[in-house]
Amino acid sequence: MKTAIIPELKQITTYPTPLCLINYTLSDSVLDNFPHANEIFVENGRLDGTKPIRYVVQSMPMEAYRICARSDRIDIMASSKKGLMYGLFTLSELDLANDGELNEFDVYDEPTLLLRALSDDISRGQISSFAHFCAIIRRLARYKYNTYMPYMEDVFKFESVRAWGRYSDPMSADEWKAIIAYAREWMIDVRPIVNLLGHFDKLVYVKELQPLALRRKDGMLISCMDPTNPQVRDVICKMLKEIVDCFGVGVIHCGGDEPVGLTEVFGEEEGGRLFIEHYRFIHEELAKLGCTMMMYADFFAPPWGNYAVPVTRARELPDDTEFVFWDYAAREAYPFVDALHNQNIRMVLSPGTWTWKRFSCDIRQCFDNTKGLLKADGGRSDGMIMSSWADGGDTLRELTVPGVLIGANFCWNPTSNYDYETIYNVMHKSLYGFDELQSALLEPVYHHDRIVRRADEHEFKQEIWRSPFDPVGFKDKENIDILCAAMRKAEADFYSLTPARNKDTFDALLFSLAGAKFTADKISLLPWKRPQSIEEGSIYAKRALLLCGELRALKELHRTLWHKTNRASEWELCACRYDDLCDELQMFARNVTLRRFYEKNH
């Protein structure tokens, strides 16, 4: 019997006697305590047998559970309904891993980390439909997260600040309350991330909000709120009240990451003082509302950039502040982990799903980052927040799922023994029912940019939007034909697969494949240096028009998949990028065959 599931179990013992889950039925003791129990087993087959699956109340930690699975009964022992739910999900996952052919077994399992959260960026690009938010909640529960943290720069509809998110399809408090109520049924806590200083990127272009923004000495606007402006504090007070009214009392994550303009305008010492005063003020306002403050730690411990102040200054914030240390790189060491712990502050860790500015999740990078960051921490932090970002605005949200599962594994069991190959195969069995050979066929879809040499994890994706008038910039372009051939094979392999479940997630990979294939073709077909003759240009003109047709098909696929699980959100912005590139390809095709194109070059 296979015992590897996500997250990895702390203890499991198997015995020779076989059992078949469809011969069992959920007893009233289960259904009365967790009404959604039958939904957990939808993919396992109908549980309409006669042998009981029972809930036995037993003293143990709140999220812990035991399973005693025997040929005549299955007992799930826990001290809480949450422990019962986790036991049911483990039973379901073991059954899926073994294609319905289980043996008797005993399990004891409990999480290591108290906070196991997903930070979900809905501020750039897509905002889920209500049905898709519900699917996200169920997935988090299945893989034993306990907190969902939507990242909302400008997508909460503030009644007190009507201009906030005006052009971003913001969600109302009533919409959020419906999601919160549904999440509560699956024992998921919903806590917001509202950035109240930096990342003012989109809001800075709304006229009514520009007075809140910081400016350089030349008057140029910066994507950061101005902490010296009293109006900023008035606005924040109103916003915090609405946030707490909606999400309830508890921890409120108030951002604070990458306030690049602050030290640029005021210098390190004054910028640091203003930052700390700003967040002390926010902490005081939250305390009045019965809440505590969480914030990013990078102003004191930056994984990149030169906008920070010394790490010792983190101690100047209130003692109950929870700091989120994010670092998404796969490193040999994470020295800021020790540096922050040396300040005796409360801290949680945050690795990343590695889907931003990419066509797919870089599963290897995500695995190395997550495992390495938790190993460096050595169990000193209170929890982990798996960060899923949508920089670029066009990445499908379902593509984050592999990273979400990697995060689930390590925030439940930070010392998990799973290596990359194990977790890769286990996640594909869980998600789609694929065996190891089938799962291997998807490797080129996820890691297409590793087939050739890459300068970094985003270099290849950036080529899709490059103007055809600019020479190809991808550094390993000489080997692009290898990638083109690999994508054609990956496409054939993809269509040979039929997922047993999670079709929306699987279909999103078709966009990964199509986007990577188009970009490889674009690099291959367009000039690597400026054409020097009309004859040469004529060849590129035909290729540009061919790419136009491929691009239109990619846009339609993207549009279909976008609206399948998401509301309108920022689709029009994404569609404009396709249309602009198509226009440029056609303009290039027209001009590259004309003498004036070459006269301009000389």
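The values are calculated or read from the model by the stated rules, or taken from the named source; none is laboratory data. Treat the numbers as computed from the prediction; the structure is a model and nothing was measured. Using ideal geometry, Cβ is built from the backbone for each residue, glycine included, and neighbour counts are taken over all protein chains shown. All accessible areas refer to the heavy atoms of the entire protein, side chains included, with ligands and DNA or RNA removed. Shrake-Rupley method; radii C 1.70, N 1.55, O 1.52, S 1.80 Å.
What the table below lists for this structure:
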| read-out | value |
| --- | --- |
| Charge dipole magnitude, Cβ of K and R +1, D and E -1 - the chain, Cα centre, debye nearest 20 | 900 debye |
| Positive-end residue of THR593, ILE480, ALA514, charge dipole of the range 462-596 with Cβ unit charges | THR593 |
| Pair-distance profile P(r), taking every C-alpha pair of the range 149-218, with 10 angstrom steps and integer % | 18, 45, 24, 10, 2, 0 |
| Cβ-defined net charge surrounding ILE6, 13 Å radius [Lys, Arg +1; Asp, Glu -1] | +3 |
| Å² of accessible area per residue within the range 78-196, as computed with a 1.4 Å probe and no ligands counted | 28 Å² |
| Dipole of the range 186-294 [Lys/Arg +1, Asp/Glu -1 at C-beta], most positive-end residue of GLY272, SER223, ILE243 | ILE243 |
| Electrostatic dipole magnitude of the range 116-194 [Cβ: Lys, Arg +1; Asp, Glu -1; Cα centre; debye, to 20] | 320 debye |
| Summed residue charge, Cβ within 12 Å of TYR205's Cβ, Lys/Arg positive, Asp/Glu negative | 0 |
| Rounded, prolate or oblate (a/c below 1.5 giving rounded, otherwise prolate when a/b exceeds b/c) for the range 1-80 by Cα gyration tensor | rounded |
| Dipole in debye (nearest 20) - the range 1-123, about Cα centre, beta carbon charges: Lys, Arg +1; Asp, Glu -1 | 340 debye |
| In Å², nearest 10: area of ARG466 left accessible to a 1.4 Å probe | 80 Å² |
| Bridge type composition, the chain - antiparallel percent by DSSP, nearest 5 | 35 percent |
| Positive minus negative residues near ALA514 (Lys, Arg vs Asp, Glu; Cβ under 9 Å) | -1 |
| Cα principal axis extents for the range 155-307, largest first, Å | 50, 32, 29 |
| Lysines with Cα under 26 Å of LYS542, excluding same-chain neighbours fewer than 8 positions away | LYS461, LYS475, LYS477, LYS489, LYS517, LYS522, LYS529, LYS555, LYS600 |
| FRET efficiency, 1/(1 + (r/R0)^6) with R0 41 Å, evaluated for ILE482 and ARG215 via beta carbons | 0.25 |
| Within the chain, helix-based [θ] at 222 nm, where runs of 4 or more DSSP H residues each add -39,500 (n - 2.57), nearest 500 | -13500 deg cm²/dmol |
| Loop trypsin sites (Lys or Arg not before Pro), the range 28-79, which have at most 14 other Cβ atoms in a 10 Å radius of their Cβ (DSSP) | ARG46 |
| At R0 = 25 Å, FRET efficiency that the Cβ-Cβ distance of LEU594 and TRP528 yields, to 0.05 | 0.75 |
| Whole-percent carbon and sulfur share, accessible surface of the chain, 1.4 Å | 51 percent |
| Under the span-like rule (Cα at least 15 Å along the axis, Kyte-Doolittle mean at least 0.5), DSSP H helices of the chain | 130-142, 401-412 |
